[in-house]
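Visitor: A single structure is presented below for examination.
The values are calculated or read from the model by the stated rules, or taken from the named source; none is laboratory data. Not measured: the values here are computed from a predicted model. Here the Cβ positions follow ideal geometry from the backbone for every residue, glycine too, while neighbour counts run over all protein chains shown. Just the protein is used for accessible areas: all its heavy atoms, side chains included, with ligands, DNA and RNA removed. Shrake-Rupley method; radii C 1.70, N 1.55, O 1.52, S 1.80 Å.
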Amino acid sequence: MNPDQIETLAPSQPHRIVDLAIVEADRKGYVKTYIILPSTIYGLASNKLVDLGIQNPHSIQIPALIDVSLNRGQGGMVGEGKNIWPNVHIDDSTEVLVTCLGPAHAYASGGLLHRP
């Protein structure tokens, strides 16, 4: 894990312009932020949004990579293949989000962390 690695992303990268605005708002003291960058999330989502048909329960990354590989007749590789692309199970990524957002929710709800 390398939190400074996000600083190496060019502003042209997907979502990076949003990251930069969020970091700037944090720097100026408007909001306390955390940026979580999971890579490929695998596993089936199961929650109220899935039950209501609002959220897709399946990964879109893995099927897309498979389709590209099948259409090309081979798997792909970036550069020399030395890149790092970690995978995380949906339950583990959810645990990270709950850990980060739980205190914020408690604060907003007037919980133990709330300071008037």
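Visitor: Between Gln5 and Ser109, what is the FRET efficiency for a Förster distance of 30 Å, r being their Cβ-Cβ separation, to the nearest 0.05?
Guide: On the way: r = 33 Å, r/R0 = 1.10.
Once the sixth-power term is evaluated, E becomes 0.35.
Visitor: Right, here's the next one. Taking the Cα centre as origin and putting +1 on Lys and Arg beta-carbons and -1 on Asp and Glu beta-carbons, what dipole magnitude results for the chain, to the nearest 20 debye? Each step should come with its number before you reach the end.
Guide: Details: 8 positive and 11 negative charges, 54 e Å.
Result for the chain is approximately 260 debye, rounded to the nearest 20.
Visitor: Given an 8 Å cut-off on Cα distances and at least 6 residues of separation, report the relative contact order of the chain as a percent. Mind dumping the intermediate values first?
Guide: Details: 66 pairs, mean separation 26.0, N = 116.
Reported relative contact order: 22 percent.
Visitor: Express the accessible area of the chain per residue in Å², computed with a 1.4 Å probe while the remaining protein chains stay in the model. Intermediate values should be presented prior to the final figure.
Guide: Working: 9750 Å² over 116 residues.
Heavy-atom SASA per residue in the chain reads 84 Å².
Visitor: May I pose another question? Roughly how many percent of the accessible protein surface of the chain is carbon and sulfur, given a 1.4 Å probe and a whole-percent answer? Each step should come with its number before you reach the end.
Guide: Values: 5950 of 9750 Å².
Its accessible area is 61 percent carbon and sulfur atoms.
Visitor: To the nearest 10 degrees, how steep is helix 16-27 against the longest Cα principal axis of the chain, on a 0 to 90 scale?
Guide: Around 20 degrees separate the two axes.
Visitor: For helix 90-108, report the angle its Cα long axis makes with the longest principal axis of the Cα atoms of the chain; keep it between 0 and 90° and round to the nearest 10°.
Guide: 20 degrees
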